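Have a look at the structure below, then the notes.
Derivation of every value follows stated rules applied to the coordinates shown; laboratory data play no part. Quick caveat, the model's predicted, so the values are computed rather than measured. As a convention, Cβ positions derive from the backbone with ideal geometry for all residues, glycine included, and neighbour counts pool all protein chains shown.
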């Protein structure tokens, strides 16, 4: 009987590595690390300081919003996949368009994966709230809230990157008309 190994089946490292590889190829040090790493950390600390931790009452609606956004992005992923197929089968293949479509496809996959991780953090906040008392509860609450703020900021920045790539794609399409 053949054993099925679970962790290689759900290993998402490839998505994160491919996304980071595309970012490194397209940007220099400051264009990569400031908007995609430094800004989310600073903004998360700002939110943690001035907004506070995420409460379980706030977690449920935000998880719902993330689920809806994930569904929307999954639909756009299928549209992008269809466009990539059309472009590959086209006789007058445009390599720039294909490259932008591939980059956008990887970015959308990255955002969907990050949304799923964010929803898991939300479920952990709901699960742990009220079960642990005292200082440990505060520490766990701050860690989970910082992580969620970081994830949400990352989603926002990558979403802006996706919009920029779609703008480039549509601009090139309009020039070809």
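With Cα extents along the principal axes in Å defined as stated, name the option among (i) 119, 30, 18; (ii) 66, 52, 29; (iii) 98, 27, 24 computed from the structure displayed. Computing Cα extents along the principal axes in Å and matching it to (i) 119, 30, 18; (ii) 66, 52, 29; (iii) 98, 27, 24 gives (ii).
I'd like the orientation of helix 95-128 relative to the chain: the angle between its Cα long axis and the longest Cα principal axis, in ° from 0 to 90, rounded to 10. The angle comes out near 10 degrees. Of the peptides 146-153, 44-51, the order by per-residue mean of other Cβ atoms within 10 Å, starting with the highest, comes out as 146-153, 44-51. Between 0 and 90 degrees, the angle of helix 13-26 with respect to the longest Cα principal axis of the chain falls at about 60 degrees.
Principal-axis analysis of the Cα atoms of the chain puts helix 56-89 at an angle of about 20° to the longest axis.
A prolate overall shape is assigned to the stretch 135-177, the ratio a/c of its alpha-carbon gyration tensor axes (a ≥ b ≥ c) being 1.5 or greater and a/b exceeding b/c.
At 222 nm, what helix-only mean residue ellipticity would the chain give, in deg cm²/dmol to the nearest 500, using -39500 (n - 2.57) for each DSSP H run of four or more?
Details: 7 runs with 145 residues, N = 177.
Only helices count here, giving -28500 deg cm²/dmol.
On a C-alpha basis, how far is the centre of the stretch 41-79 from the centre of the stretch 143-177 in Å? Whole number, if you could? If you average the Cα positions of each part, the centres end up 15 Å apart.
Over the stretch 56-176, what is the relative contact order in whole percent, taking alpha-carbon pairs under 8 Å and six or more residues apart? Please list the in-between numbers first.
Details: 73 pairs, mean separation 41.9, N = 121.
Rounded, it is 35 percent for the stretch 56-176.
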